1. Being in contact with a Ser or Thr (Cβ under 9 Å, 6 or more places away or on another chain) and under 21 Å from ALA261 (Cα atoms): is that true of LEU311 here?
2. If you check LEU915, LEU903, LEU884, which single one turns out to be closer than 20 Å to PHE872 by Cβ and in a loop (DSSP other than H, G, I, E, B)?
3. Which condition does PRO385 not pass, out of (1) under 23 Å from CYS312 (Cα atoms); (2) without any contact (Cβ under 8 Å) to a residue 40 or more places away in the chain, if it passes all the others?
4. Which of the numbered conditions does LEU359 fail, given that it passes all the others? Conditions: (1) farther than 30 Å from ALA430 by Cα; (2) in a helix (DSSP H, G or I).
5. Of everything in region 146-195, what is not hydrophobic (A, V, I, L, M, F, W, C) and not in a helix (DSSP H, G or I)? Give them in sequence order.
6. Which condition does GLY958 not pass, out of (1) in contact (Cβ under 8 Å) with a residue 12 or more places away in the chain; (2) within 30 Å of PRO575 (Cβ to Cβ); (3) surrounded by 13 or more Cβ atoms within 10 Å (Cβ to Cβ), if it passes all the others?
7. On the basis of being at pLDDT 85 or above and within 44 Å of the chain's Cα centre (by Cα), does ARG189 make the cut?
8. Within region 132-142, is there a residue that is modelled with pLDDT under 90 and part of a loop (DSSP other than H, G, I, E, B)?
Amino acid sequence: MAGNLAPPKPLSPSDWEALIDYYYNLGGGAAAGIHRWTGGVSVLELGIPAVLRKDFPPQLKLQILLLLEQYALDDPSQPPLARLVDALLGVIQSPNDPFAFKEQFLISATSIFITTVSGKKLSPAAGGGLPPLSNLVELLLTIINRPNHSVDRHTRGIACECLRQLELAFPCLLSEIAPHLWSLCQSERTHVYQWYVLLLLTAIGNIVRLKPGDSPATSIANAKSPLIPFDLPAYLIDGIGSTLSWKANESSYKELRRVVAFLLDSPQYLTSFGLLEFMAAIVPIAQELQLQASMLRVQFSWLLCTTDPLLCHAFLVLHSEFPESFEGQEFQVASRLLISSKEPQRHLIYRLLGVHWLLGLFRRMVSIDETKKRGIVEMSSGFYPEIYDPLSLKALKLDALAYCSNLLYNSGDASLEVKLFEVGLVSVSAFKWLPPWSSETAVAFRTFHKFMIFRSQHGGVGAAASFDATLIASDMFRTLKNMLVDCTLESPGLVPVVASSIDRLSGCDQHRWLGEHLLETLDTCLLPKLKRDDYRIGHYFPIFERMSRSDGVSPNGLLKLLSRYVIFLVQRHGPETGLKSWRHAAKILGICRTMLKHRRSSSLFAGLSQLLASMCLYFPDLEIRDNSRYYLRMLVCIPGKKLKRILSEGEDPSSISNHPSSVSNLRRSSLGGNMASLVHVERATPLLVKQSWSLSLPNLGTDYFRGIRDRESTTTEEEEEEEKDSDLDDAGSQAVAKETTLLRVMDARVSEMVRILRRHFSLIPDYRHMPGLKIGIRCSFRFDSELFVSGASPPAEEVDLADGLDKLPALYATVLTFTSAEPYGSIPSFRIPFLLGTPPRARAVDDPSAIVPAGGNGKSEYEKKNFTAPVFIELEPREPMPGLVNVCIDSNADDGKIIQGQLRSVSVGIEDMFLRAMIPDGVSGDAHGRYVYHLFNALWEACETSSGAGREAYLLKGGKGVAAVAGTRSVKLIETPFPFAVEAVERHLAPFVAGVIGEPLAGIVKSREAIRDTTDALAAIDDLKQIPEEHNKSSH
């Protein structure tokens, strides 16, 4: 600031709070945004006096210090470092400031110095004084120069850590006072001793590593410079980190070794994190001073026997740096790691780390000396998973067994190799009867994949070609193939997992031949064992689909099996099996289509033509016969290449030509019908019942749709107009006309139902006078960037998200407007501030060792999180009617152009209209299920035309309107197996089940525990029968 300017106006505590909130949450480092508080003055200029004010609360001062520390990273101007040191000195000397504030001030001042001074040239301060850095160091040295002082011991530790960070930022800054630091370490007896030791170790490490010339640090035993006052070393004045003189012969290595010997006695007084820092610094010093590695081995061998994974990691770092000092003790280290992975009382993460470390140690041992393979294999018996091991630990141990199996290759011991696989797989043998999506099944097939590919690692094409025959002829590979065939034959539910495993092999260039050979094995060994007269063949369609795409598998065996299976379907076709036959026949036609696309027509003409001819002649379903006839005519009449092109065109979801277009060209006049292909609003949960049409009956001026009316019998013209807008039944009008009946006689059962219905309808809002019931549909919004990018068309290779994220187009201030022809009320619009376009081809991570559940979709969680936006459509339906919601978009592109257009409509299904019954306030939580059941029975009885409850008029919420019950009873007969029906109801309709009738069915539902808060219908009926007889009739 210039001398002629007035000092800046100090900010009040509320101003500081507003500034801090804006800086962190809204504006960041934008200077224009904070100008309204600072008036053009630097935040550091305002913050330094603020932290010295006595009227500011301590918590606000701490927040100001953190703001100054962060602001120093964003402000390119030179901060007032001298004033900062003076303010720090005043705070340290103040007896009233708390120690937490002093320590934070030390940390923030050190961080500001390192951020602003590091890499810049130092010069003496104005007036011939010391540079601000020397003042800061001198203040910190003054704080630590009080060993064993207990009041401020934690502050001394913080000061030591600040000096260590300054030493790391400015190497050899403390080299001239290293003897004083050694003396302070010898004098300290409190727990702060750890910080003193790490400070001395860092200073010694820089001295040993850089060996600065013309430095008194060559003598560690005798100090030639005082501790205070502190002077910067001569070579730092000209430039921090500039060329340092190397005079290795002048360094006294004998004295340095004395210091290192003193430091080696310190680890027993350090914490785990401190010891980890100590080991990271002592190893380079030992290498530079050429210390005997055996001394370090003896000093730190105890680290391997601790229960702290950090200390074990520190020992393994030492082992990797000095492997020659542990010659002959590798298996002792491996045995200790193996024992640590077997101890059940240890944390799971430590046991997992033990197996990881063990595998890394084995690989290092084999790379140095291959004769140690036999010793590793002898330890393989300790890798077998135990019965109570967690599943993740079992997976790692099975990886270790696969590694040992790879070491046995070409050793002549094939039986032990097979035993490792079979015995190891026993720990996850439950996969044979577990569902295919279970984690144990994924681990079992992951192990199968590991044993399969360990001998065919990724390498050159020539190496893989010479390796195929040997691997296929091995006992291990034959065992794996037999296991795969047996599992597929005995457990048809595992077929999707087997197909996924084959896809993983086929997707890799190095292992594609393995996938082809497995398909050949399934063709020759599995197909002959399948029964032609069994519906279980439908489980194997995923494998048949992959066989039909493979050129290495002959299609004759598959076509013969499918032909005989079609005969079986025709013979068994009937009312009960018609849907199943149609579904399986459609799958067979899909396999035929795949064959036509991927194979030469001449190789499958005879068998495929016979299969299609038999289906188009004898299959009972008309749709199957027509599609079979189409495929047969194409096979006979269209040449092979043209046929493949015709079949491939139908699979392209977009009819837009792939031409370069930019976001700026996406105007309403240029897009036309392409907008729906570029921008997508999709339901988060697909509909169970899909429909492509909706029926909406308008009000034609009749009284048919009038069921809700006001309580007054005489209405004005305005009320009559309101009644015409309502779309309910005429039965309600008839019930309201009978409202004038003053006296009605009904029994206790009907009276109780009327009471329940009145209580229920009193909770339903009258949408004419207040907001009605609302439902929500969750969707996702995204747009494709390959048709939005400017310039040339996107490249065909994969796009690196880390490098090309800034190049992706974006949409700003997007507004989605919703309309519908159905009675859904006024639908509010939805706003999306910002969204990136989906990359043209996101890079897929193909890690064979990753546990991937079968049947997972290809869209990664990274794309869902970063390239899609959630959308919520809120509807207020007047009646439960499925339909369509039209979507319009208004948005802005990168270059400011406006994007407008019509998107694909969002379907609203009948399942979206399902709402749980509203519970009155007087019903407790345990009675919810019983109340819902009684309400269902009351509505069921009211739907009967002769019921007294159905002729009643019920007041709605608000008391202005009444409604009547007019409906029909409906019972659906489902022709499906009993377990399937129960499972489907539990999965999709569990929240809406009102009761379960029948003791056997109620017992099954309760045992499955999928339907909760549901009253047993038998108990509820008993409750209704217990109404006293004297109340059989009552006037109402």
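The values are calculated or read from the model by the stated rules, or taken from the named source; none is laboratory data. As the structure is a computational prediction, the values presented were derived from the model and not from experiment. So basically every Cβ, Gly included, is an ideal-geometry build from the backbone, and we count neighbours across all protein chains shown.
1. Working: in contact with a Ser or Thr (Cβ under 9 Å, 6 or more places away or on another chain): yes; under 21 Å from ALA261 (Cα atoms): yes.
Yes: the conditions hold for LEU311.
2. Details: LEU903 fails: in a loop (DSSP other than H, G, I, E, B); LEU884 fails: in a loop (DSSP other than H, G, I, E, B).
Only one candidate passes the filter, namely LEU915.
3. The failed condition is (2).
4. (1)
5. So the first thing to find is which residues in region 146-195 are not hydrophobic (A, V, I, L, M, F, W, C), and the list is 146-150, 152-157, 161, 164-165, 167, 171, 175-176, 179-180, 183, 186-191, 193-194.
Hits for region 146-195 are ARG146, PRO147, ASN148, HIS149, SER150, ASP152, PRO171, GLU188, ARG189, THR190, HIS191.
6. (2)
7. No; evaluated as a whole, the condition is false for this residue.
8. No - not one qualifying residue is present in region 132-142.
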